[in-house]
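Reviewing the structure listed below.
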Amino acid sequence: MTVSGTDIVELDRIAVHEALRVVERAENADWDRDTPCADWNLRQLVAHMTAQHLGFAAAARGAGLEAAPWQESRDMEEPARAHRAAATAVLAAFAEPGATEREFALPELGGSFPGRQAVRFHFIDYVVHAWDVAATLGVGLELSDDVLGAALATARRVPADPAVRGPGNAFAPALDVPGGSGQLDATLRLLGREPHRWPVAT
């Protein structure tokens, strides 16, 4: 299926479903595995993904300034189940009529943003986090060229300012992108990931 580059809600839905697919590949022994996200094992990464879904769902409905939705649950005995429930919630919120026309309060990003831009933030985060999980588990990522092209275009627009990159921020400093890099590889490098260390997922 060809996906319009402007249909950000659909692009996001595809990325979220791919993240769901790879998270649900995890078995009990996998949750303590290291991930491409420094200092997080797979359980901690999925806890973060779950909280971000719930936070963005709240923001889509005008409640982004409330602290509770953004907080990571301490009860992650069933990470895949919690993650699926949160993903269902955010996809429903983004699909509501007029959602992309609203302002989303995103305190972790320092302010409020037009809905379409906010959904694009969520989209790029879930392309990258889907890769994080796939890399951790040693499985390939299944995203179409349309989706990966939109992700790369978005990654190129993420500020490279050191003040918003590095520890405590969404992305690490950008890495050099070798000539001939594929769309996923280029996206990951622009956002500070090291795909050469996790070759199966790319």
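Size descriptor for segment 1-122, Kirkwood hydrodynamic radius: 14.9 Å (Cα pairs only, one decimal). Defining a contact as two alpha carbons under 8 Å apart and six or more residues distant in sequence, what relative contact order in percent does the chain show? Result for the chain is 24 percent. The orientation-averaged projection of the convex hull spanning the C-alpha atoms of segment 52-202 amounts to 9.6 square nanometres. The figure for residue 147 is an accessible area of roughly 0 square angstrom, using a 1.4 Å probe on the protein chains alone.
Rolling a 1.4 Å probe over the protein heavy atoms gives segment 53-202 an accessible area of 49 Å² per residue.
Dipole of the chain computed with +1 at Lys/Arg Cβ and -1 at Asp/Glu Cβ about the Cα centre; of 121, 19, 56, farthest Cα towards the positive end is 121. Counting only Cα atoms, the size of segment 32-91 along its three principal axes is 36, 21, 19 Å, in decreasing order.
Please state, to two decimals, what the Cα-based radius of gyration of segment 59-128 comes to when divided by 2.2 N^0.38 Å (N = residues). Mind showing how you got there, number by number?
Values: Rg = 12.6 Å, N = 70, 2.2 N^0.38 = 11.1 Å.
Rg over 2.2 N^0.38 Å, computed on Cα atoms: 1.14.
Nonpolar atom fraction for the chain, defined as the carbon and sulfur part of the 1.4 Å probe accessible area, stands at 50 percent.
The values are calculated or read from the model by the stated rules, or taken from the named source; none is laboratory data. Here the structure is a predicted model, which is why all the values come from computation and not from measurement. Virtual Cβ from ideal backbone geometry, glycine too; neighbours counted across all protein chains shown. Remember, those area values only see protein heavy atoms, side chains included, never the ligands or the DNA or RNA. Shrake-Rupley method; radii C 1.70, N 1.55, O 1.52, S 1.80 Å.
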